[in-house]
Amino acid sequence: QVQLVESGGGLVQPGGSLRLSCAASGLILDYYSIGWFRQAPGKEREGVSCISGNDGSTYYADSVKGRFTISRDNVKDTVYLRLNSLKPEDTAVYYCAIRDLYEGVCSSDFYEYNYWGQGTQVTVSS
């Protein structure tokens, strides 16, 4: 049974940092692509970052490139998203998701991901 447990969200001032965690169980995480998405109230879901289950390649939305970093700990079956230089527009609920395709590549389309965490709130405000 696949399950994702997220943590790390919170309130931070502009320019601050957070580290989001997504712990997976029920599968060997190394073989699957894991994406981070975010959604603010009244806005559509946005792909933020992804690490590939095919070759470990990483991808970032233009809006976060250079500020966010995705990584994977295969021993702990945990994916992290480091959020640096946070801006108010980064405020959203952040979700991690797994694409249930063995050694599959990353996708920016949320509907191609099969398992989702509960989401963690990130609020950037002074």
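The values are calculated or read from the model by the stated rules, or taken from the named source; none is laboratory data. Please read these numbers as outputs of a predicted model, since none were measured by experiment. Neighbour counts are summed over all protein chains in view; Cβ atoms, including those assigned to glycine, are modelled from backbone coordinates with ideal geometry. What goes into the accessible areas is simple: the full protein's heavy atoms, side chains included, and nothing from ligands, DNA or RNA. Shrake-Rupley method; radii C 1.70, N 1.55, O 1.52, S 1.80 Å.
Using a Förster distance of 25 angstrom, determine the FRET efficiency expected from the C-beta separation of Lys65 and Arg19, and round it to 0.05. All intermediate terms of the calculation are to be shown ahead of the outcome.
Working: r = 18 Å, r/R0 = 0.71.
Result of the calculation: an efficiency of 0.90.
With a 1.4 Å probe rolled over the protein heavy atoms of all chains, the accessible area of Leu29, Leu18 falls in the order Leu18, Leu29, largest first. Heavy-atom accessible surface of region 54-119, averaged per residue, reaches 55 Å², computed with a 1.4 Å probe. Bridging of Lys87 to lysines at a Cα separation below 20 Å is possible for Lys43, Lys65, once same-chain residues fewer than 8 apart are set aside.
Given a Förster distance of 22 angstrom, what is the FRET efficiency for Glu112 paired with Ser85, based on the Cβ-Cβ distance and rounded to 0.05?
0.15
Identify, among Gly42, Gln1, Tyr31, the residue whose Cα sits farthest towards the positive end of the charge dipole of the chain, taking +1 on the Cβ of Lys and Arg and -1 on the Cβ of Asp and Glu, with the dipole about the Cα centre. Most positive-ward Cα: Gly42. Distances between every pair of Cα atoms in the chain, grouped in 5 Å steps from 0 to the bin holding the largest one, split as 2, 12, 23, 27, 19, 10, 5, 1, 0 percent.
Loop exposure criterion: GluC sites (Glu not before Pro), DSSP state outside H, G, I, E and B, at most 13 other Cβ atoms within 10 Å. Applied to the chain, the longest stretch between such sites is 45-102. Using a simple spin-label model with pseudo-atoms 7 Å out from Cα toward Cβ, Glu44 and Gln3 lie 3.4 nm apart.
Put a plus charge on the Cβ of each Lys and Arg, a minus charge on the Cβ of each Asp and Glu, and nothing anywhere else: the dipole of the chain about its Cα centre is then about 440 debye.
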